[in-house]
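Enquirer: Take a look at the following structure, please.
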């Protein structure tokens, strides 16, 4: 795998990943930030391919670029009225300082220690091996992860749906049956009306 | 796979290519061979897509015309063959507008990004014996992963057009594609469990070694994948995203000129690729019962691909459109549970097969069991949910005399107050 | 010159730094979540890089790094779902997602 | 705790929209995809036909009536000529009456082909049923072209009869058409009646209760689908309709599906009427020679016809001059659409478009 193609790919993709990560920071609008994020995910998936981890790369594209990307877009759509600008708090300066200190330490550690790297051959087929590892040696974490996912899903639904059954929702939309799906809810522009007060 | 057979053997186009690469490597120019093989793959996909797109526009318009007992385009060129070219030129010279308040960058980027999933999926599909651009070990997962990026791009188009209809269209697409991605993944899962590998080449080899097509062994996943893929590319009963009669043209309302042409072309390309995927997963890809010894394998694959594509055009010509909540309800209530049940069934069968390590002939009883269970599952499930006979056609009463025949009560949801007449 | 482990570690360190900076500096809760996702991705990169370049003690499967990354991805997806649900429900009650204004404890 | 109210999401299903059958605008307030309020905005095609008619003689007004409901100009002409004849007291010869009945019923077939086709088109079936029915409509338009030279705005009928007598090849051509037409209808019905998706999309959608239909004075297929068997050809027989045996289809649920069924059944009945009229076609003059500009006695007259869309009536007031003092038209499209708001509230956009399509309106008649 160490042909000149891989090195070229590595430099290109890491530039893409770091560039789009910076893009999130500097994007003017929220939605541009999400698109830069998804580009960063894609860049990272490419880096995984250069490390000949094909299953992980495809899983990354599927879970992150596909699902989490759409999830974040939905979240932005459901909170349309919050300021869409991508403005920062006063913590920009100190934030940068802390972040650069942390990453500086990591870079120092990475470059100084000599990892006992043995030039290992690449693995053409990783899917089969990951599958056997997951179902034999790491069976318990595999089951725990599935329980965690279900808990997260139920939690998310309860959180969002509970917020929707407040009384004023019901008299507002007349007695039609509840929302068909979040897609419709996302279509609505929501305005803050402080004037309602208690009634 | 007689890959290293003499290079002029055109039964698989891989032979001349490998001949060329072998010759290059003998000369020691490995880098050049590396670049040449990459560019040949890319050129193959690009050429195939370009030619297929133009041909498909003509095929689709003629077939739909025949369904509607009219003739279809026959003015431009012999039998209208140059009509797609005329369309392309017309679209190119049209002014492509950008909505002022819309998001210019995202608006301009969306049609380009829409092509990426299409082209990447083609990279994994085996067009013939050994003719795969990159036969990935994780082929099936790759197709699903690339497909899952599509709703995002559609949302970019819908959101940046700053138009109510496109926003509605984008929202509908995301809801539709997300809820139909699950049944599609589940049905492909049962195919992978049966064939034991995610590599598309291996799936075809499995069907070749046991000289059977997967459609005989897995009828239910075939049906579920058919419906789910129809919904994912948004065609015929599911073209809810760009429902002309309801939301003008959905997410590509604001697009004009060649940008609209790209949207239209991607829809055709998606239909063709789904036809190809059908051929690979359920109809044995290029392998058709030893016919590929005589006829070149890639010709057979194209025929199957076009048959799959023709199925979609036929559906487009006849079936009306579903409403968004009906289609979502159908997916969650019907397709997902059936798909899960089927995966369990197939897993059980494969486990039994490995336990007994019986010869391949055991697939025959499996096929019979699967077909019976499919029928039983569908009928039982419909009866369980008491869905049958909800939609029976009605007959009218024909009377001679004048007067009120039946009283129709006012529906609660609509605006009538109980007393009839204009509401409060 | 061929790509070695240090290169990948440096790239992931930089990505981690940028993710941290975004999480610390941004005003909108959803962008903060994006920063966290980025940091998690940087960790994934180091895991896969180590798995590629460093041989493991015997007994553990060759692809332990990849398995760990799969678990990190599932946890990150679950966390993203819950965090966004939180953000949406906070928005529904306080009609803002700006962390400057959601400081209930102070009042 | 501040709570929030949803700002209504107003969408204009505006004058430019693929399925508003012309320049009709519906201002719709949405909650997600469900409609909470709808407001009908008309008048985009208003040509003040009724005012213009007051400066022209009775015969010059006939071309106006073609342009009102441009999909069924024969019925418009018939209604106007009946009113003028009632005002001036002119009798129409037998052959003229029979030709009028044949033409009016053929026009009903053509209109219903268009109505059923566009209804299915709104439900999303990519024009296939529309094209099948248009093939039949072409044959009817050929028959019209054979007799009076025009296809859409025919201007064929005159006060006191019809302008031209039937050409010799009309009767065999018409006979050939009505013999093969029921077979075509069976094909369309076989494709659509048991179509699960169409049933799911149109059953129980846009329901109009019987009481509301009667209060809003709906007529035609809308009223018959809501359970009231009311047909002017039977209730108040004009011309020679009392000589023909035909039956009136009545629906039970008043929803879009019933309106679709009523129109299909009506087409079969009209074929029977044309068949009987062709058999009983007498010889003799096709019209009474009436001076070009008649001067009816002072007075008023209202005559109505069962047009394809409902009860089409003309109200003429004469002050003894050559042109009508008042020319008023009862447009079935506008009145059938008055219940649009109640019918559409609570539906999603997709259903609203389908139920709007099932009402079958023509903007020319609606705006006059």
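Results for (1) more than 25 Å from residue D:175 (Cα to Cα); (2) modelled with pLDDT of 90 or more; (3) surrounded by 21 or more Cβ atoms within 10 Å (Cβ to Cβ), shown as yes or no for each residue.
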{"position": "D:221", "(1), (2), (3)": "yes, yes, yes"}
{"position": "D:227", "(1), (2), (3)": "yes, no, yes"}
{"position": "D:251", "(1), (2), (3)": "yes, no, yes"}
{"position": "D:259", "(1), (2), (3)": "yes, yes, yes"}
{"position": "D:286", "(1), (2), (3)": "no, no, yes"}
{"position": "D:289", "(1), (2), (3)": "yes, no, no"}
{"position": "D:292", "(1), (2), (3)": "yes, no, no"}
{"position": "D:302", "(1), (2), (3)": "yes, yes, no"}
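Enquirer: Does at least one position in the stretch D:207-218 carry a residue that is crowded, with 18+ Cβ neighbours inside 10 Å and on the phi > 0 side of the Ramachandran plot?
Expert: The answer is no, given that none of the residues of the stretch D:207-218 is crowded, with 18+ Cβ neighbours inside 10 Å and on the phi > 0 side of the Ramachandran plot.
Enquirer: Follow-up question, since we're still on this one. If I ask for residues that are surrounded by fewer than 24 Cβ atoms within 10 Å (Cβ to Cβ) and out of contact with any strand residue (DSSP E or B) (no Cβ under 8 Å at 6 or more places or on another chain), which ones from the stretch C:4-13 would you list?
Expert: Taking the stretch C:4-13 as the starting set, the residues that turn out to be surrounded by fewer than 24 Cβ atoms within 10 Å (Cβ to Cβ) are C:4-10, C:13.
Answer for the stretch C:4-13, where residues must be surrounded by fewer than 24 Cβ atoms within 10 Å (Cβ to Cβ) and out of contact with any strand residue (DSSP E or B) (no Cβ under 8 Å at 6 or more places or on another chain): C:6, C:7, C:8, C:9, C:10, C:13.
Enquirer: Does the stretch D:277-287 contain at least one residue that is part of a loop (DSSP other than H, G, I, E, B), farther than 30 Å from residue D:321 by Cα and touching a strand residue (DSSP E or B) at 6+ places or on another chain (Cβ under 6 Å)?
Expert: In the first step, residues of the stretch D:277-287 are kept if they are part of a loop (DSSP other than H, G, I, E, B); the result is D:280-286.
From what's left, farther than 30 Å from residue D:321 by Cα: D:280-284.
Those still in the list that are touching a strand residue (DSSP E or B) at 6+ places or on another chain (Cβ under 6 Å) too: none.
No; the residues of the stretch D:277-287 include none that is part of a loop (DSSP other than H, G, I, E, B), farther than 30 Å from residue D:321 by Cα and touching a strand residue (DSSP E or B) at 6+ places or on another chain (Cβ under 6 Å).
Enquirer: In the stretch B:63-91, what count of residues is obtained for those that are under 26 Å from the mean Cα position of the chain (by Cα) and either farther than 17 Å from residue B:267 by Cβ or more than 14 Å from every other protein chain (Cβ to nearest Cβ) (or both)?
Expert: 13
Enquirer: Suppose we filter C:16, C:50 for residues that are surrounded by fewer than 20 Cβ atoms within 10 Å (Cβ to Cβ) and within 28 Å of residue A:142 (Cβ to Cβ); which single one remains? Please lay out each step first, then the result.
Expert: On the way: C:16 fails: surrounded by fewer than 20 Cβ atoms within 10 Å (Cβ to Cβ).
Sole residue among the options that is surrounded by fewer than 20 Cβ atoms within 10 Å (Cβ to Cβ) and within 28 Å of residue A:142 (Cβ to Cβ): C:50.
Enquirer: With (1) assigned to a helix (DSSP H, G or I); (2) modelled with pLDDT under 90; (3) farther than 17 Å from residue D:255 by Cα as the list, and residue D:118 as the residue in question, which single condition is left unmet?
Expert: Of everything listed in (1) assigned to a helix (DSSP H, G or I); (2) modelled with pLDDT under 90; (3) farther than 17 Å from residue D:255 by Cα, residue D:118 misses just condition (3).
Enquirer: So which residues in the stretch B:156-172 are out of contact with any strand residue (DSSP E or B) (no Cβ under 6 Å at 6 or more places or on another chain), part of a helix (DSSP H, G or I) and within 19 Å of residue D:9 (Cα to Cα), if there are any at all? Show your work before the answer.
Expert: First, pick out the residues of the stretch B:156-172 that are out of contact with any strand residue (DSSP E or B) (no Cβ under 6 Å at 6 or more places or on another chain): B:156-163, B:165-172.
When the remaining residues are screened for being part of a helix (DSSP H, G or I), the result is B:156-160, B:165-172.
B:158, B:159, B:160, B:165, B:166, B:167, B:168, B:169, B:170, B:171, B:172, listed by residue number.
Enquirer: Select from the stretch D:226-245 the residues that are more than 9 Å from every other protein chain (Cβ to nearest Cβ) and touching a residue at least 12 places away in the same chain (Cβ under 8 Å) and list them in ascending order. Working first, answer last.
Expert: Step one: filter the stretch D:226-245 for residues more than 9 Å from every other protein chain (Cβ to nearest Cβ), giving D:232-233, D:236-244.
Once the filter is applied, which keeps residues that are more than 9 Å from every other protein chain (Cβ to nearest Cβ) and touching a residue at least 12 places away in the same chain (Cβ under 8 Å), the stretch D:226-245 yields D:232, D:233, D:236, D:238, D:239, D:240, D:241, D:243, D:244.
Enquirer: Okay, moving on. Quickly run through the stretch C:1-47 and pick out the residues that are touching a residue at least 60 places away in the same chain (Cβ under 8 Å) and under 13 Å from the mean Cα position of the chain (by Cα).
Expert: Result: C:32, single match.
Enquirer: So, residue B:204, is that one buried (at least 23 other Cβ atoms within 10 Å of the Cβ), touching a residue at least 12 places away in the same chain (Cβ under 8 Å) and under 19 Å from residue B:274 (Cβ atoms) or not? Spell out how you get there, then give the answer.
Expert: Values: buried (at least 23 other Cβ atoms within 10 Å of the Cβ): yes; touching a residue at least 12 places away in the same chain (Cβ under 8 Å): yes; under 19 Å from residue B:274 (Cβ atoms): yes.
For residue B:204, the condition - buried (at least 23 other Cβ atoms within 10 Å of the Cβ), touching a residue at least 12 places away in the same chain (Cβ under 8 Å) and under 19 Å from residue B:274 (Cβ atoms) - is met.
Matching residues to (1) in contact with a strand residue (DSSP E or B) (Cβ under 7 Å, 6 or more places away or on another chain); (2) closer than 30 Å to residue B:315 by Cβ; (3) surrounded by 15 or more Cβ atoms within 10 Å (Cβ to Cβ):
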residue: B:34; (1), (2), (3): no, no, yes
residue: B:38; (1), (2), (3): no, no, no
residue: B:42; (1), (2), (3): no, no, no
residue: B:49; (1), (2), (3): no, yes, yes
residue: B:67; (1), (2), (3): no, yes, yes
residue: B:71; (1), (2), (3): no, yes, no
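Enquirer: Mind listing just one residue for me: the one in the stretch B:405-414 that is modelled with pLDDT of 75 or more and exposed (fewer than 15 other Cβ atoms within 10 Å of the Cβ) and, of those, farthest from residue D:264 (Cα to Cα)?
Expert: B:409
Enquirer: Residue B:100 - would you say it is touching a helix residue (DSSP H, G or I) at 6+ places or on another chain (Cβ under 9 Å), surrounded by fewer than 16 Cβ atoms within 10 Å (Cβ to Cβ) and not in a helix (DSSP H, G or I)? I'd like the intermediate steps shown before the answer.
Expert: Working: touching a helix residue (DSSP H, G or I) at 6+ places or on another chain (Cβ under 9 Å): no; surrounded by fewer than 16 Cβ atoms within 10 Å (Cβ to Cβ): yes; not in a helix (DSSP H, G or I): yes.
So residue B:100 fails the test.
Residue by residue, here is whether (1) within 11 Å of chain A (Cβ to nearest Cβ); (2) surrounded by fewer than 24 Cβ atoms within 10 Å (Cβ to Cβ); (3) without any contact (Cβ under 8 Å) to a residue 60 or more places away in the chain holds:
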site	(1), (2), (3)
B:143	yes, no, no
B:158	yes, no, no
B:180	no, no, no
B:196	yes, yes, no
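Enquirer: Go through B:238, B:225 for me and flag whichever is surrounded by 23 or more Cβ atoms within 10 Å (Cβ to Cβ) and more than 24 Å from residue B:300 (Cβ to Cβ).
Expert: Values: B:225 fails: more than 24 Å from residue B:300 (Cβ to Cβ).
That would be B:238, the only listed residue that is surrounded by 23 or more Cβ atoms within 10 Å (Cβ to Cβ) and more than 24 Å from residue B:300 (Cβ to Cβ).
Enquirer: Of the residues B:118, B:132, only one is in contact with a helix residue (DSSP H, G or I) (Cβ under 9 Å, 6 or more places away or on another chain) and modelled with pLDDT of 85 or more; which?
Expert: Values: B:132 fails: modelled with pLDDT of 85 or more.
It is B:118.
Enquirer: Could you tell me which numbered condition residue C:50 fails, if it satisfies all but one of (1) at the interface with chain A (Cβ under 7 Å from one of its Cβ atoms); (2) over 13 Å from the mean Cα position of the chain (by Cα); (3) part of a helix (DSSP H, G or I)?
Expert: In the conditions (1) at the interface with chain A (Cβ under 7 Å from one of its Cβ atoms); (2) over 13 Å from the mean Cα position of the chain (by Cα); (3) part of a helix (DSSP H, G or I), residue C:50 misses (1) alone.
Enquirer: Output the residues belonging to the stretch D:17-34 that are in contact with a helix residue (DSSP H, G or I) (Cβ under 6 Å, 6 or more places away or on another chain) and under 22 Å from residue D:335 (Cα atoms). Let's see the steps before the verdict.
Expert: Kept after step one, since they are in contact with a helix residue (DSSP H, G or I) (Cβ under 6 Å, 6 or more places away or on another chain), are these residues of the stretch D:17-34: D:18-19, D:22-24, D:32-33.
D:19, D:22, D:23, D:24, listed by residue number.
Enquirer: Tally the residues that are more than 19 Å from residue B:151 (Cβ to Cβ) and either assigned to a helix (DSSP H, G or I) or in contact with a strand residue (DSSP E or B) (Cβ under 8 Å, 6 or more places away or on another chain) (or both), restricting the search to the stretch B:206-235.
Expert: 15
Enquirer: Give, as residue ranges, the helices (runs of 4 or more DSSP H) completely inside the stretch D:317-368 that count at least 3 residues that are farther than 30 Å from residue D:57 by Cβ.
Expert: Values: elements: D:332-336, D:340-344, D:349-359, D:363-367.
Of the helices (runs of 4 or more DSSP H) lying wholly inside the stretch D:317-368, those with at least 3 residues that are farther than 30 Å from residue D:57 by Cβ span D:340-344, D:349-359.
The values are calculated or read from the model by the stated rules, or taken from the named source; none is laboratory data. Just so it is clear, the structure is predicted and the values come from calculations on it, not from any experiment. Heads up, the Cβs are rebuilt from the backbone with ideal geometry, glycines too, and the neighbour counts pull from every protein chain shown.
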